[in-house]
Amino acid sequence: MNNKTRRDFLKKSALGGAALAIPFSAKSYNNIIGANDRIHLGVAGINSRGGAHIRAAGRYNEDTKVIALCDVDNRLFGKTIAKFDNLNSKDITTYGDFRKMLENKNIDAVTIASPDHWHAPMAIMAMNAGKDVYCEKPFSHNPQEGEWMIQAQKKTGKVLQIGNQQRSSPTSTQLVKDIKSGLIGKA
């Protein structure tokens, strides 16, 4: 497998969830990537859920590396870099403007954990800038934004994944059952 194909495979596989994990079977060991094929991530919105994205990327340090942080609150950068073992201040570029982060050609993919009303605009901008995207829910502020996101994904061919982890968690499904049964509130 040549480097471009391997890198494309990795990009598409790695964004398979917030954990950014790539499962390898015995057959796939001949496809293990080299250090230069590591996915370089930019994380937008580093408070709260963005921290979960950074932590998840750190679990797969051999395959992913956070190289950029973006937030409008510049007071968060130092605290965030100090908080996570997988972040090295000399390797991180910080941005107060998401559009400037997208200009960084070294970033392969972005994760978006910004306020909800920014999810769709940022995802569309990122795909148009050639980046794969993992975006927190809700993915759009209204149905039209959802349509625009689909159009951008089809036009660019970039990977777009929306985080829906808790929709199928045991506690969430039990809560739905409890509500429907009348145990909590009205069905």
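Read the figures in this text as sums done on the coordinates, not as results from a lab. These numbers come from a predicted model, not from an experiment. Positions of Cβ are generated from backbone atoms using ideal geometry, with glycine treated the same way; all protein chains shown enter the neighbour counts.
Details
- Burial ordering of D178, D37, fewest other beta-carbon atoms within 10 Å first: D178, D37
- Loop-resident sites, segment 89-187, for trypsin sites (Lys or Arg not before Pro), counting at most 14 other Cβ within 10 Å (DSSP): K90, K105, K186
- With K and R counted +1 and D and E -1, the other residues having a Cβ less than 10 Å from that of L41 yield a net charge of +1.
- Counting 0.36 nm for each residue step from E62 to K100 and taking away their Cα separation leaves a gain of 11.0 nm.
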